[in-house]
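Structure first, commentary second.
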Amino acid sequence: MIKAKKSLGQNFLIDTNILNQIVNCVEIENKNILEIGPGTGNLTKYILSKKPKEFTVIERDDDLIIVLKDRFKENINIIHDDVLNIDETSIFNESVIVFGNLPYNISTEILSKWIINLKNNFWFESLVLMFQKEVADRIIASYNNSNYGRLSILANWKLEIKKICDIKPSSFSPKPKIDSSLLLFTPKKNFYKIKNPKNLEKITRVFFNNRRKMIKKPFNQIFNGDLKILKKLKIDLNLRPQNLNFETYYKLAEEYENLRG
Ligand code: SAM
């Protein structure tokens, strides 16, 4: 009997309806699959039943590695490591579908890392990821919404995002204290060609530093009151950061890069 480790965010999925919903939201047959944090293999089993081409999992917990080897034998490739140490682009030569019922304490870090490292050719064709519902609400929020902010702007830059379902604590063992949501991400064909994602991060960090205040101060801090940019992007400095839509932030990042040469 495996005792779940809180420190590794271990809440194992036991709800067959949800497990079915996860594996049915994308086509798995004959596709390369990467699963992050397979745990005892509950989702792994469902994925395997859909006949993937190659199937690799990354799990950090020593005890669970033994369970996975015993349960799945040669049917999956097991990487025993911390996902944050892995260059995910080097695992497969072809595009991959990623599944992750991620530990909540590192889920945004992983997603941000993947988006920031994305080149023009995507290493994945979709991501099927579970988040704490509150975090998922921030990822999918659009402008004029109180959840809209740095994470929504970064995630929506290169990815199409769809919510598949919300998941109650009773779907897991042990039960977490919070609700979860499953999100499906697919690459956008067209997105703003910001050269360095760090510039987009900087703009959103400064603008959302005080989300209740007007954007005059952060705009002046970054653009030194440049009227040409204000006019070109039709920005009203009396607005609050959450009132500027996605495109405006991407264009601001491009203007910032133009200024810096
Ligand atoms: N996917 C399984 C399920 O649905 O039943 C388990 C999900 S559980 C929320 C998260 C899993 O991620 C655990 O198995 C945990 O050991 C693993 N994990 C935690 N931190 C990790 C890390 N940094 N790298 C890889 N796996 C990690």
Please turn the phi angles of segment 209-218 into ³J(HN,Hα) values with the Karplus equation 6.51 cos²θ - 1.76 cosθ + 1.60 (θ = phi - 60°), one per residue in order, whole Hz, x for glycine and proline. 4, 9, 6, 8, 8, 5, 7, 4, 5, x
So the carbon and sulfur contribution to the accessible area of the chain, 1.4 Å probe, in percent, is 45 percent
Evaluate the relative contact order of segment 46-92 (contact order divided by residue number), counting alpha-carbon pairs under 8 angstrom at least 6 apart; express in whole percent. 42 percent
In nm, give the distance between the simple-model label positions of Leu237 and Thr16, each being 7 Å from the Cα along the Cα-to-Cβ direction. 6.3 nm
Show me, for segment 124-135, the HN-Hα J-couplings you get by feeding each phi into the Karplus relation (A = 6.51, B = -1.76, C = 1.60, θ = phi - 60°), rounded to Hz, glycine and proline as x. 10, 9, 6, 10, 10, 10, 9, 9, 4, 3, 4, 6
Residues of segment 105-147 with amide nitrogen under 13 Å from the 7 Å Cα-to-Cβ point of Phe191? 111-127
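Starting with the highest mean, order 180-188, 206-214 by the number of other Cβ atoms within 10 Å, averaged over the residues of each peptide.
So the peptides 180-188, 206-214, ranked by packing, come out 180-188, 206-214.
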Partner aspartates and glutamates for Lys31 [C-alpha distance under 19 Å; skip if fewer than 8 residues away on the same chain]: Glu54, Glu74, Glu88, Glu94, Glu125
State, as an integer percentage, the relative contact order of segment 6-187 based on alpha-carbon contacts under 8 Å between residues 6 or more apart. 23 percent
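On alpha carbon coordinates alone, what is the Rg over Rh value for segment 180-233, Rh being the Kirkwood radius?
Across segment 180-233, the Cα-based Rg/Rh ratio is 1.09.
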Using alpha carbon centers only, segment 171-238 is separated from segment 45-81 by a whole-angstrom value of 37 Å
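At a Förster distance of 41 Å, what's the computed FRET efficiency of Asp166 paired with Gln221, Cβ-Cβ distance as r, to 0.05?
Values: r = 38 Å, r/R0 = 0.94.
The computed FRET efficiency comes out at 0.60.
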Just want to confirm a number: the relative contact order over segment 197-260, from Cα pairs under 8 angstrom separated by 6+ residues, in percent. 45 percent
Qualifying aspartates and glutamates (Cα of each under 14 Å from Cα of Lys213; at least 8 residues distant if same chain): Asp236
Tabulate in residue order the Karplus-calculated ³J(HN,Hα) for segment 68-82, using 6.51 cos²θ - 1.76 cosθ + 1.60 with θ = phi - 60°, rounded to whole Hz; enter x for Gly and Pro. 5, 4, 5, 6, 10, 6, 8, 6, 9, 8, 10, 9, 9, 6, 7
Which listed pairs, of Lys50/Lys162; Lys50/Lys163; Lys158/Lys251; Lys73/Lys177, have C-alpha distances above 25 Å, in listed order: Lys73/Lys177
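Give the calculated FRET efficiency between Glu94 and Lys5 to the nearest 0.05, with a Förster radius of 25 Å applied to their Cβ-Cβ distance.
Efficiency for this residue pair is about 0.15.
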I want to check the label-to-label distance for Glu125 and Ile86. Put each point 7 Å from Cα in the C-beta direction and report it in nm to one decimal. 2.0 nm
Among the aspartates and glutamates, which have Cα under 12 Å from the Cα of Lys168 when same-chain residues fewer than 8 positions away are ignored? Asp15, Asp179
Accessible area per residue, 1.4 Å probe, Å², for the chain: what's the number? 53 Å²
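The values are calculated or read from the model by the stated rules, or taken from the named source; none is laboratory data. Quick caveat, the model's predicted, so the values are computed rather than measured. No Cβ is skipped: glycine too gets one built from the backbone with ideal geometry, and neighbour counts run over all protein chains shown. Ligands, DNA and RNA are stripped out before the accessible areas are found, and what is left, the full protein with its side chains, is counted by its heavy atoms. Shrake-Rupley method; radii C 1.70, N 1.55, O 1.52, S 1.80 Å.
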